[in-house]
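The values are calculated or read from the model by the stated rules, or taken from the named source; none is laboratory data. Bear in mind that the values here come from a model prediction, so they are computed numbers and not experimental data. Neighbour counts run over all protein chains shown; Cβ positions are idealised from the backbone, glycine included. Calculation scope for accessible area: heavy atoms of the full protein, side chains included, ligands and nucleic acids excluded. Shrake-Rupley method; radii C 1.70, N 1.55, O 1.52, S 1.80 Å.
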Amino acid sequence: MTISSKHSRLTYLLATYIITVVVFIVAKAGFMLYQWGAEPVSMGEAAAVVGHGMTLDLSTSVYLVLLPYVCIMLSLWVKGWRWMRHILCGYHLLTALALSLVFVCDASLYEFWHFRLSASALDYLEQPSGITQSVSTGFLLLRLVAIALLTFVLYRLYVLLLPRHVERLPLKWRIASTVVAVAGIAPLIIALRGGTEVSTTNIGQAYFSQRQYLNHAAVNPLFNFLSTFKHNDDGLAIYNVYSNEECERLTAGVYTTESIGCDTLLNTRRPNVVVILLEGCGAIFTKTGGMTAVTPNLNRLMDEGVNFTNCYGNSWRTDRGTVCALSGYPSLPNVSVMKMPEKSQSMPSIASSLQQVGYETSYLYGGDINFTNMRSYLVATGFEHLTSMDDFTDATQRSAKWGVHDEVTFEALAKDIMKTHHKPFLIGYSTLSSHEPWDVPTKHLDDKVLNAFNYLDGCIGKFVARLKQSKAWDNLLIVLIPDHGISYGRYDNTQPERNHIPMLWIGGAVKAPRTINTLCNQSDMAATLLGQMGIDHKDFPFSRDVMSKTYTYPTAMHTNSSSFLLIDSTGYIIFDLDFKQFTSRGSKDIQRLLKLGKALMQSTAHDLKNR
């Protein structure tokens, strides 16, 4: 039986798309059944896996019907359906083989890797002996047979949908059909990118559970495999400059993972903690950078809390800076750990550390929490409850380009802090209004950039004033730290000040106002916080307790897409990795700093590759 009708072209495309979606759903069920012994799931959990993974399945299925879509368009004008049918048969054979390989390899490897099939699997093809040494011949033969059978079944299924004959339409119908087909390209593009939102389709949107296996099961394996090509470990090889021994020698003493003899900043070991990542709010917009009118509330709070005056952001993007702050992990120029779920799930984090001592954890973000795989990172690293743009009213969801304005989310945050909690809590929160296009609802300054940060500052002032009037303030520690700095005026990537950021601890849990002038990185916040709470942080290999006597070599490093900044007591260098030359320098020891900077990136890349 084959399809042959007046509307056979359209019927074939729709049927092929629907069947592909169904195949992905059935593959999910097969994956869960295969892993059942080690990871049993309830019917409700299985339904949730299918439901949360559906958007990825729908989008990935569009990719697989693109060539048939083009062929059907051409068939309106090109004579000889037989040849077009041969092309489509060949395509469906390749598609069936590709899907079979992905499904079988993914299910088979998961029990060993505990993450979905990624491009890193190709590394093993360079040394096939490593595969044969890891599993038996019978194991491999059984999988080869499964691939062959599944390829046959899928191929026959797709060919069954392919019309044996199509009608030669009259000219006016061909023109009309072509117009419709061209008009259909726009919806296809929207479907490919997952909608019209700022964020595109990504793995993180399938994440929904604190049980990591359920998140993995929801992810479309083909989408996961293809998406990891641009984030695979091959890009880490460029940082291998020195031998392991030389790298260790150069970086000796930079990273310490113990807290010894710390000055006490808090009056309690178990405060309720709120970490607020201030979108783009570099120190240049505060009194530290010489501006007093832009952020008057932050300036005042610097005198009331613990003010770390010499802190530098590790990166230049939110996805990277979030990981730097919450996981105490450095950033690399060409890598976003947040976009690598197979890596980010192994990251340490403040949330997971506090969970282990009885804290409940949550995260608030007024934007699209699927953007840059943010959801998958937060869930994987211990944040139990997520609140994002979709949880607010329709009226507020579009109050800003990126989502909900800060005044609305600060209000939600204050309510959450002041409600009755049965456990100590950690709340993470990312602001978003101080971001291009700087569309904030107030105008107090003519410069739109400065005005946006003034708006953020006003939200902070009202938020803190409200909490001071509540009982929640007494045991509260609020950490204010940006996700990154921004270029503004003369402060660009040739200036160290561009990456200088404030870090401020305030709240009733703060023992006394204090100014800390020690040079440090944004990534050091995690170990410093845990050190003050008496919680071990040895799992944070690159985060240092600034208040510990073990912190004997203060340094700060920043990377962007093409250069890095390194600062120590001798001064600083900014080195362009593409042009291999200094962009800016202010040290008499630039060659040593250059070697150290490369070694620090190498040690980070080595750690990341082995996670």
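Of the set (1) closer than 19 Å to Asn202 by Cβ; (2) touching a helix residue (DSSP H, G or I) at 6+ places or on another chain (Cβ under 9 Å), all apply to Pro424 but (1). Residues in region 145-165 that are open to solvent by 90 Å² or more (accessible area, probe 1.4 Å) and part of a helix (DSSP H, G or I): Leu149, Phe152, Arg156.
Under the condition of being part of a helix (DSSP H, G or I) and of a type in the set (D, E, K, R), which residue from region 431-473 is surrounded by the most Cβ atoms within 10 Å (Cβ to Cβ)? Once the filter is applied, the top-ranked residue is Asp457. For Ala237, the criteria (1) open to solvent by 50 Å² or more (accessible area, probe 1.4 Å); (2) assigned to a loop (DSSP other than H, G, I, E, B); (3) hydrophobic (A, V, I, L, M, F, W, C) hold in every case but one, which is (2). If you filter region 124-168 down to residues that are of a type in the set (S, T, N, Q) and under 38 Å from the mean Cα position of the chain (by Cα), you find that the one that is modelled with the highest pLDDT is Thr151. Being within 22 Å of Asp303 (Cβ to Cβ), in contact with an Asp or Glu (Cβ under 7 Å, 6 or more places away or on another chain) and among the β-branched types (Val, Ile, Thr) is the requirement here; does Ile501 meet it? It is false that Ile501 is within 22 Å of Asp303 (Cβ to Cβ), in contact with an Asp or Glu (Cβ under 7 Å, 6 or more places away or on another chain) and among the β-branched types (Val, Ile, Thr). Out of Asp303, Asp319, Asp368, one residue alone is open to solvent by 10 Å² or more (accessible area, probe 1.4 Å) and either in contact with a helix residue (DSSP H, G or I) (Cβ under 8 Å, 6 or more places away or on another chain) or of a type in the set (Ser, Thr, Tyr) (or both). It is Asp368. Among the conditions (1) crowded, with 17+ Cβ neighbours inside 10 Å; (2) modelled with pLDDT of 95 or more, Thr264 misses just one, which is (1). All conditions but one from (1) of a type in the set (Ser, Thr, Tyr); (2) open to solvent by 30 Å² or more (accessible area, probe 1.4 Å); (3) under 25 Å from Val337 (Cα atoms); (4) not in a loop (DSSP other than H, G, I, E, B) apply to Thr583; the one that does not is (3). None of Cys247, Cys311, Cys324 is open to solvent by less than 50 Å² (accessible area, probe 1.4 Å) and either charged (D, E, K, R) or outside any helix (DSSP H, G or I) (or both) except Cys311. Evaluating Asp319 against the criteria (1) modelled with pLDDT under 90; (2) not in a loop (DSSP other than H, G, I, E, B) leaves one unmet condition, (1).
Okay, residues lined up against (1) touching a strand residue (DSSP E or B) at 6+ places or on another chain (Cβ under 9 Å); (2) of a type outside the set (D, E, K, R); (3) open to solvent by 50 Å² or more (accessible area, probe 1.4 Å):
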{"position": "Thr393", "(1), (2), (3)": "no, yes, yes"}
{"position": "Asp406", "(1), (2), (3)": "yes, no, no"}
{"position": "Ile417", "(1), (2), (3)": "yes, yes, no"}
{"position": "Pro424", "(1), (2), (3)": "yes, yes, no"}
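The condition of being of a type in the set (D, E, K, R) and under 16 Å from the mean Cα position of the chain (by Cα) holds for only one of Glu436, Glu342, Glu360, that being Glu342. The single condition from (1) of a type outside the set (A, V, I, L, M, F, W, C); (2) open to solvent by 20 Å² or more (accessible area, probe 1.4 Å); (3) part of a loop (DSSP other than H, G, I, E, B); (4) farther than 30 Å from Asn267 by Cβ that Arg375 fails is (3). Restricting attention to region 394-430, the residues that are part of a helix (DSSP H, G or I), in contact with an Asp or Glu (Cβ under 9 Å, 6 or more places away or on another chain) and either acidic (Asp, Glu) or modelled with pLDDT of 95 or more (or both) add up to 2.
Checked against the criteria, His558 does not count as part of a loop (DSSP other than H, G, I, E, B), touching a Leu at 6+ places or on another chain (Cβ under 8 Å) and open to solvent by less than 10 Å² (accessible area, probe 1.4 Å).
Number of residues in region 504-555 that are basic (Lys, Arg), in a loop (DSSP other than H, G, I, E, B) and surrounded by fewer than 23 Cβ atoms within 10 Å (Cβ to Cβ): the value is 3.
State which residue pairs qualify: first residue more than 17 Å from Ile481 (Cβ to Cβ) and inside region 283-303, second residue assigned to a helix (DSSP H, G or I) and open to solvent by less than 10 Å² (accessible area, probe 1.4 Å) in any location, beta carbons under 6 Å apart, and separation of 6 or more residues or different chains. Close Cβ pairs (under 6 Å, with a partner that is assigned to a helix (DSSP H, G or I) and open to solvent by less than 10 Å² (accessible area, probe 1.4 Å)) amount to Met291/Phe285; Val294/Phe285; Val294/Phe453.
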